[in-house]
Amino acid sequence: MHETTTALTDAIDAYVRSVALERGASPHTVRAYRGDLETLAAFVAERGAEPDPALLDLELLREWVWQQNAHGLGAATLARRTSTVRGFTAWLARTGRAAGDAGARLRAPRADRHLPRVLTRAQIDGLLDDLAMRAGGSDPIALRDRAIVELLYASALRVSELVGLDIGDVDDARRTVRVLGKGAKERIVPFGMPAQRALDAYRERGRPAIAAPRSGSALFLGARGARESTRAVYSLVAGLLADLPGSGPAGPHALRHTAATHLLDGGADLRAVQEILGHASLGTTQIYTHVSAERLADAYRTAHPRA
């Protein structure tokens with residue numbers, strides 16, 4: 001356990017005690033539970049997130065699962081750790097330490113899913129071209145959806161960061177967006193001309209048609225004028241990726257994985273990618289170098305006559 005006691009480590013201690021006392025678990029099982037949850041606490045600290053069990057959310061937990069998987073954790077161990085965290089978040093909700101059960105929908109990836117979902121250049125180009133065609137008319141929702149996906153891919157944003165954007169966070173002159181990331185850390189992320197064009201069209205013809213008195217300064221709005229929700233963005237991206245070949249989660253994080261991998265494939269400096277992604281640790285970003293290397297190896301095995 002970390003030397004510095006936090007609300008999260010305190011909650012882990014209390015949960016492990018409850019497992020030992022209420023369930024009569026063996027010492028071996030108790031050690032396994034503690035070890036599993038310590039990996040989560042270490043991940044939260046590495047991310048720079050608030051070490052408060054009440055602030056654990058599904059997105060953070062899914063990132064933890066993905067990191068564990070990307071580090072080559074065995075399928076059985078990963079399944080056990082995921083189950084441990086689900087039990088922990090259910091206990092947090094049951095004991096009033098959290099408002100809801102953040103891990104209720106957390107699942108370990110299938111044994112054959114070793115890499116995060118990464119789209120090919122052709123796939124992402126086709127997806128964005130299709131969204132541009134849909135947004136060619138005056139439908140404000142189509143204009144919004146195109147701007148959302150363009151920005152998710154252009155700036156490798158987390159879905160929580162995207163929906164938290166306000167109008168004033170976009171700097172058109174510099175083509176950057178100000179993002180509030182994990183641990184309330186602010187960073188400035190660039191985006192390109194395609195995203196600029198999509199944002200311009202949405203702000204000029206899309207957002208005004210959706211806006212309502214409760215819209216406030218939110219950049220992306222739902223159909224009824226309130227700030228767009230993470231659930232709605234997950235549904236949008238999952239629908240777009242559903243028919244594309246490839247394995248792995250099909251939510252907005254796939255666009256973040258894709259952007260990071262394409263940046264490294266294109267020769268971007270690892271530390272620059274770390275800054276764009278908002279990773280507290282360079283070690284986390286280095287996972288993407290393994291993804292790029294494995295994609296290269298796959299291409300080699302597929303294409304080289306003597307592979």
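The values are calculated or read from the model by the stated rules, or taken from the named source; none is laboratory data. The structure displayed is predicted, hence computed values, not measured ones. Because the Cβ atoms are built from the backbone with ideal geometry, glycine has one as well, and the counts that use them run over all protein chains shown.
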> Condition test on Arg207, is it in contact with a strand residue (DSSP E or B) (Cβ under 7 Å, 6 or more places away or on another chain), crowded, with 19+ Cβ neighbours inside 10 Å and among the basic types (Lys, Arg)?
Replying inline: yes
>> Anything in the range 168-183 that is in contact with a Gly (Cβ under 9 Å, 6 or more places away or on another chain), surrounded by fewer than 19 Cβ atoms within 10 Å (Cβ to Cβ) and among the aliphatic types (A, V, I, L, M)? List them, or say none.
In response: Leu180
> Of the residues that make up the range 41-57, is at least one touching a Phe, Trp or Tyr at 6+ places or on another chain (Cβ under 7 Å) and outside the structural domain of Ser160 (by TED's automatic domain parsing)?
Replying inline: yes
>> surrounded by fewer than 19 Cβ atoms within 10 Å (Cβ to Cβ) and within 21 Å of Arg146 (Cβ to Cβ): is that true of Leu244 in this structure?
In response: yes
>> It is to be established whether one or more residues within the range 192-214 are under 22 Å from the mean Cα position of the chain (by Cα), at pLDDT 95 or above and outside any helix (DSSP H, G or I).
In response: no
> Within the range 124-151, can you find the residues that are closer than 21 Å to Ala268 by Cα and modelled with pLDDT under 95?
Replying inline: Ile124, Asp125
> Among the residues of the range 252-268, which ones are surrounded by 21 or more Cβ atoms within 10 Å (Cβ to Cβ) and part of a loop (DSSP other than H, G, I, E, B)?
Replying inline: Pro252
>> Just to be sure I understand the filter: pairs with C-beta atoms under 8 Å, separated by 6 or more residues or on different chains, first member in the range 145-165 and touching a residue at least 60 places away in the same chain (Cβ under 8 Å) and closer than 14 Å to Arg187 by Cβ, second member of a type in the set (Phe, Trp, Tyr) and not in a helix (DSSP H, G or I). Which pairs pass?
In response: Ser155/Phe191; Leu162/Phe220
